[in-house]
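Colleague: The structure that follows is given in the form of structure tokens.
The values are calculated or read from the model by the stated rules, or taken from the named source; none is laboratory data. Computed from a predicted model, the values in this text were never measured in an experiment. Please note: Cβ atoms are built from the backbone with ideal geometry, for glycine as well, and neighbour counts cover all protein chains shown.
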Amino acid sequence: MTTHSENTPFAGNPLDLDNMSDEDLLKTRVCDLPLKMEGTWLEACLAQLYKELAEKGIVFKPECYLADEWLTPEHETCIGIPFYLAHPSLIRLEKKFMIDAEGGSKEWCMKLLRHETGHAISYAYGFHKKKKWQRLFGPSSVEYGDTYKYRPYSKNYVRHLDGYYAQYHPDEDFVETFAVWLTPGLDWRTKYKGWKALDKLEYVDTLMGEIRGQEPVVKNRHKYWRLSTLRFSLRSYYKKKRHFWAEDFPDFHDAFLKNVFVESILEHHTLPQASAIINKYHKSILESVSRYSGEKKFVISDLLKDIQKRCQALKLAVQADEAQIVIHLCGYVTSLIMNYLYTGRFRGEKEGRGKK
């Protein structure tokens, strides 16, 4: 297992992450964070991953390192794990800015490790070059798009990570299939019986049998975007990260809002404020839309906040039943999020903005 305690330059005593304020943390360069995986919950996750591989007869163990995000560099056989997962204070800070810390629970972390291992093992043994691999999954050379369309009820793909991620790209189709195959205790033959995806699972099972006990052909381990190279502050990190995921939400909600709410004029002064109702059900709407759309909670939350601010600006109030209001809001937000997933925009072509 690789750590970065030996690679990270510290001046004097290591930083006390347990007792630093958020403001002090944000001023700190990522490369100066005294982080390692030994002795943390990540070490146990990696031990479990290697155990799962060994139980399948696979001798390949992808080397893991702390990086800026979850990744397996192209054509490399090592896995980057987000640095913030190596310390509770940084997990908390990640949730503060991004709502979720991706991989922040053991179950979630293991899902992502199995997924990334699929990439690493494909590079290690050259699976993506095989003709049958390409017939089943498609050419690995296909360019990754900014967004992707998926069919929620398709039985051609396994379902491992949220967002129907197997439908994103041929490489993702393979690694998601591999992750399902590797998951201990999962009877994938029964779960995917009658699915076209079962053919892919059986092929992965055959592939893994072929490499049983064999050392990998490729052993490239260039650790791109590793912790020691991240010479920007946590403040800059989150500024860029939020900008990457955020949309500059325009004020185009008025027609919907005025149809659902009423203006808070004098005779309506006793009615509940629309913004207060949105705040009351914010978490419920967020969880529901995220669960069924697969979109990041950060994007959905910002959209809800934008709608809430617009309600305040328009001084809107609630006259209908709260349950009906929540149904309308869930439907509206889901439609915007799905449009975003399919086109990369919250607005469709009718608003004069084309698809990506």
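Colleague: Mind checking which residues of region 237-270 are surrounded by 13 or more Cβ atoms within 10 Å (Cβ to Cβ), over 37 Å from the mean Cα position of the chain (by Cα) and modelled with pLDDT under 75?
Modeller: The answer is H268, and nothing else.
Colleague: Being loosely packed, with under 15 Cβ neighbours inside 10 Å and assigned to a helix (DSSP H, G or I) is the filter here, so list the residues in region 313-327 that pass it.
Modeller: A313, E322, A323, Q324, I327, listed by residue number.
Colleague: For C45, only one of the following conditions fails: (1) loosely packed, with under 15 Cβ neighbours inside 10 Å; (2) closer than 30 Å to D18 by Cβ. What is its number?
Modeller: (1)
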